[in-house]
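Reading through the structure tokens given below for one structure.
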Protein chains: 2
Amino acid sequence: MTLVDKCKKLCKASEILATMDTKLKNEALYQVGLSLKEYKAFILEENKKDVEKAKKDNMKESLIDRLCLSEERIDDMIEGIHNIIELKDPVWKSNELWTLENGLTLSKMTVPLGVIGIIYESRPNVTVDAFSLALKSGNCILLRGSSSSINSNNALVYAIKEGLKKSPVSENVIEFIDDIDRSVVKEMLTLNEYIDVIIPRGGKDLIQFVVKNATVPTIETGVGNCHIFVDETADIKKSIDIIENAKVQRPGVCNACETVLVHKKIANLFLPKLYDRLIERVEIRGCQETKKIIPVNSAIEEDWYKEYLDYILAVKVVENVDDAIFHIRKYGTKHSEAILTESLTNANKFLRQVDAAAVYVNASTRFTDGGQFGFGAEMGISTQKIHARGPMGLNELVTVKYTIIGNGQIRE
Amino acid sequence: MTLVDKCKKLCKASEILATMDTKLKNEALYQVGLSLKEYKAFILEENKKDVEKAKKDNMKESLIDRLCLSEERIDDMIEGIHNIIELKDPVWKSNELWTLENGLTLSKMTVPLGVIGIIYESRPNVTVDAFSLALKSGNCILLRGSSSSINSNNALVYAIKEGLKKSPVSENVIEFIDDIDRSVVKEMLTLNEYIDVIIPRGGKDLIQFVVKNATVPTIETGVGNCHIFVDETADIKKSIDIIENAKVQRPGVCNACETVLVHKKIANLFLPKLYDRLIERVEIRGCQETKKIIPVNSAIEEDWYKEYLDYILAVKVVENVDDAIFHIRKYGTKHSEAILTESLTNANKFLRQVDAAAVYVNASTRFTDGGQFGFGAEMGISTQKIHARGPMGLNELVTVKYTIIGNGQIRE
């Protein structure tokens, strides 16, 4: 089946799915959960092929771990589906209904986007998460995983389709691209007639490739060079805990902290304590001022731009909150930024003036996540400004339709 | 000044403008209004140069009319500014504030997009409208008008900047590209570092050029192949009035009706009356069934796809509401679609199943417009699904920022 054929099937299925009652969509999700359970052995077998190939190709250990499925990880996927069943259907809701002077009544209603394309790397659980979120929000989904997880993804999509066959929802609401040639991605990126939005999930290169080549509207996700600014009035104990959490709890993710900015008036007191807490696990790279206080490596200009995704932290002493905001504007990626302070004025200034998806006062940047925010699940974290910004849950997977009810109105 | 230099100035100005109080922005708008009044003679003189060139180039009469400014048209622009002063500031508002179990308090706040790029054709009033909407919503604006209105636009931007100089807002919040080479547009479309969103306003070719070449996120506007379906139970008198209004009140716009679909059971009664009402002003192109009832030209397959923007109407007899929905899915552009019916079942079916920015029951499609919807003004009509759909007013010119207030929370 060609890519366009798959897209045509999705569009056709979308016409029915878009207005389907919640209980029918939930029933389909439930059946998919049962099917994943039923096909567990098959999925694990197929996953083993991918893992063996990855080992043969000398893939990094951490990436192999992301790729590897287990009974428990499949159970987690099923639990994820059950969580999504519990979430409120985001479709055909409105907070805006008004009547014009001429008697026309308008509503701004939420409706599904239509067909969502996802291009993702490695982790096979994205296959199930993305599908479930799409289905619940009335959207069909076209998936393109990485070649390294092709067998796992094929097996998962097979199980999903088998589940859908026993449900009121057509198995055609999901299609998977198993052609590993990159040219097929390029084709996908220009199928404006069939695909309403494309969301790339993965590393910088993938996202840049998509942004550069897509004519279909896209939602950029991912890159986070996140800062924590320790203000003059910060609570030192809490600040050390927050920075430790934001740096080492899981350094390989986009909401981990990469640079700490420290107010010069607190630097002498604060930096030695930060050093003691982190130095065994984290390489610290400091500015000249930092190096006068703690014995660390030098940060060079490049370090301020870096998303390390590793046990490395850049540290810079700044003049004040304005200087911190200036640094973040210059080097940040508008993902997640935090100020640690007891000053209401500085907290408000930072909240207003820092331009990012999530801005924190006295908390770890690691909370930028659909699950943590209470959305139940997420399709990724948008780092662009249009359509959605920050974690994308079900409410970000819809668009709107104005309905206008009249009784013969014409325009003067 | 190079394009990148202009963009840098806009970004710098945006840092201040983004958090400016409403009263200061309104004062700036007021000063711009005064300045347009002051420079009226100069603007008209510059506009004359464009009009004379257009005449020499044998531009179509209707386009020359769009290009032409008068004292009255400048007064209308000033009135438009005063209307925007009266509108509510869309920035730093929230309908969503919640607290997590761990005590973190989250708000989803509206914030300006940053720098908006507008690429537009002909009508010089867009210069003033787009600037005013951008300023009120805290956004800087980069304008690229057509070469045919270059003198008019330059004069308008000059007057705007002179007004801003007397106000609390920097004159650098607006920049105009007066390089008429198309390569500069191509450059603009890829300046992701400086421009947050690009909105093309104009014909199909311009919009396609932008979609094809942009890496900056874009919002497509414009093309509308709008349908009106006359159901079996439609009120005939009202239906004739609505179709006449949607076709002839202003045929050159995107929300004008291009095709009428008529239920076969009402066709014999309805079509002769429609014919009588329209035939002196409108060329009707009918399907085979239509031609059996009224003496009109033949519609060919191509006609169903056409956005005539002219005194031409395609007419097709259909089996029922499902057949009408099927036709609209196949040929429509998802802009504005209407059903004329007294059947609640069919009205609801049409509202749910037709996928378009605006779906009407018993009213003219001509109402799809920010002014008509009560938004006060509009930046264009989005025909894509992400970010905004339908008329874009001030509320569509913002993005969001999550603010998260804690007292030391870390992620488990």
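Within segment B:373-412, the set of residues being at the interface with chain A (Cβ under 7 Å from one of its Cβ atoms) and small (Gly, Ala, Ser) comprises B:Gly374, B:Gly390, B:Gly406, B:Gly408.
On inspection, B:Asn139 qualifies as under 30 Å from A:Asn192 (Cβ atoms), touching a Pro at 6+ places or on another chain (Cβ under 6 Å) and buried (at least 23 other Cβ atoms within 10 Å of the Cβ). Going by the structure shown, is A:Arg201 of a type in the set (Lys, Arg), away from chain B (no Cβ under 14 Å) and without any contact (Cβ under 8 Å) to a residue 40 or more places away in the chain? For A:Arg201, the condition - of a type in the set (Lys, Arg), away from chain B (no Cβ under 14 Å) and without any contact (Cβ under 8 Å) to a residue 40 or more places away in the chain - is not met. For segment B:178-196, the criterion of a residue being under 22 Å from the mean Cα position of the chain (by Cα) and among the β-branched types (Val, Ile, Thr) is satisfied by at least one position. Tell me yes or no: at least one residue of segment B:31-48 is in a helix (DSSP H, G or I), within 14 Å of B:Lys136 (Cβ to Cβ) and in contact with a Pro (Cβ under 8 Å, 6 or more places away or on another chain). No.
Selection of segment A:184-235 for residues being polar (S, T, N, Q), part of a loop (DSSP other than H, G, I, E, B) and out of contact with any His (no Cβ under 9 Å at 6 or more places or on another chain) yields A:Thr190, A:Asn192, A:Thr215. May I ask you to list the residues in segment B:82-99 that are out of contact with any strand residue (DSSP E or B) (no Cβ under 7 Å at 6 or more places or on another chain) and at pLDDT 95 or above? Across segment B:82-99, the qualifying residues are B:His82, B:Asn83, B:Ile84, B:Ile85, B:Glu86, B:Leu87, B:Lys88, B:Asp89.
Looking only at segment B:8-30, filter to residues that are assigned to a helix (DSSP H, G or I) and touching a strand residue (DSSP E or B) at 6+ places or on another chain (Cβ under 7 Å); which one of those is farthest from B:Ile160 (Cα to Cα)? Result: B:Cys11. Scanning segment A:113-129 for residues that are closer than 16 Å to A:Val184 by Cα and either small (Gly, Ala, Ser) or outside the structural domain of A:Asp65 (by TED's automatic domain parsing) (or both) gives a single hit, A:Gly117.
Please specify each residue of segment A:127-158 satisfying the condition of being modelled with pLDDT under 95 and out of contact with any helix residue (DSSP H, G or I) (no Cβ under 8 Å at 6 or more places or on another chain). Selection gives A:Ser146, A:Ser147. Does at least one position in segment A:343-353 carry a residue that is within 27 Å of A:Asp76 (Cα to Cα), part of a loop (DSSP other than H, G, I, E, B) and not aliphatic (A, V, I, L, M)? No. Restricting attention to segment A:373-409, the residues being assigned to a loop (DSSP other than H, G, I, E, B) and within 19 Å of B:Ile410 (Cβ to Cβ) number 1. Hey, can you tell me all the residues within segment A:166-221 that are of a type in the set (Gly, Ala, Ser) and more than 23 Å from B:Ser382 (Cα to Cα)? Hits for segment A:166-221 are A:Ser167, A:Ser170, A:Ser183, A:Gly202, A:Gly203. Within segment A:393-412, residues that are more than 30 Å from A:Thr383 (Cα to Cα) reach partners that are in a helix (DSSP H, G or I) and aliphatic (A, V, I, L, M) with beta carbons closer than 6 Å, at six or more positions or on different chains, in the pairs A:Thr403/B:Leu351; A:Ile410/B:Ile242. Applying the condition of being touching a residue at least 60 places away in the same chain (Cβ under 8 Å) and in a strand (DSSP E or B) to segment B:361-372 and asking which residue is nearest to the other protein chains (Cβ to nearest Cβ) yields B:Ala363.
Within segment A:330-354, being more than 16 Å from B:Leu106 (Cα to Cα) and within 7 Å of chain B (Cβ to nearest Cβ) holds for one residue alone: A:Gln353. The set of residues in segment A:224-266 being surrounded by fewer than 18 Cβ atoms within 10 Å (Cβ to Cβ), among the hydrophobic types (A, V, I, L, M, F, W, C) and in contact (Cβ under 8 Å) with a residue 40 or more places away in the chain consists of A:Val248, A:Val253.
Here A:Arg66 clears all of (1) modelled with pLDDT of 95 or more; (2) assigned to a helix (DSSP H, G or I) except the condition numbered (1). Looking across segment B:35-62 at every residue that is among the hydrophobic types (A, V, I, L, M, F, W, C) and free of Cβ contacts under 8 Å to residues at least 60 places away in the same chain, the one that is surrounded by the most Cβ atoms within 10 Å (Cβ to Cβ) is identified as B:Val51.
Name the residue, out of B:Gly371, B:Gly406, B:Gly380, that is buried (at least 20 other Cβ atoms within 10 Å of the Cβ), modelled with pLDDT under 95 and either over 27 Å from A:Val400 (Cβ atoms) or not charged (D, E, K, R) (or both). Exactly one of B:Gly371, B:Gly406, B:Gly380 is buried (at least 20 other Cβ atoms within 10 Å of the Cβ), modelled with pLDDT under 95 and either over 27 Å from A:Val400 (Cβ atoms) or not charged (D, E, K, R) (or both), namely B:Gly380.
For A:Glu101, are the conditions met, namely being in contact (Cβ under 8 Å) with a residue 60 or more places away in the chain, in the same structural domain as A:Ala13 (by TED's automatic domain parsing), out of contact with any helix residue (DSSP H, G or I) (no Cβ under 8 Å at 6 or more places or on another chain) and not aliphatic (A, V, I, L, M)? So A:Glu101 fails the test.
Being without any contact (Cβ under 8 Å) to a residue 40 or more places away in the chain, outside any strand (DSSP E or B), surrounded by fewer than 22 Cβ atoms within 10 Å (Cβ to Cβ) and of a type in the set (Asp, Glu) is a description that applies to B:Glu302.
The values are calculated or read from the model by the stated rules, or taken from the named source; none is laboratory data. Values in this document were obtained by computation on a predicted structure and should not be read as measured data. Note that we place each Cβ from the backbone using ideal geometry, even for glycine, and neighbour counts take in every protein chain shown.
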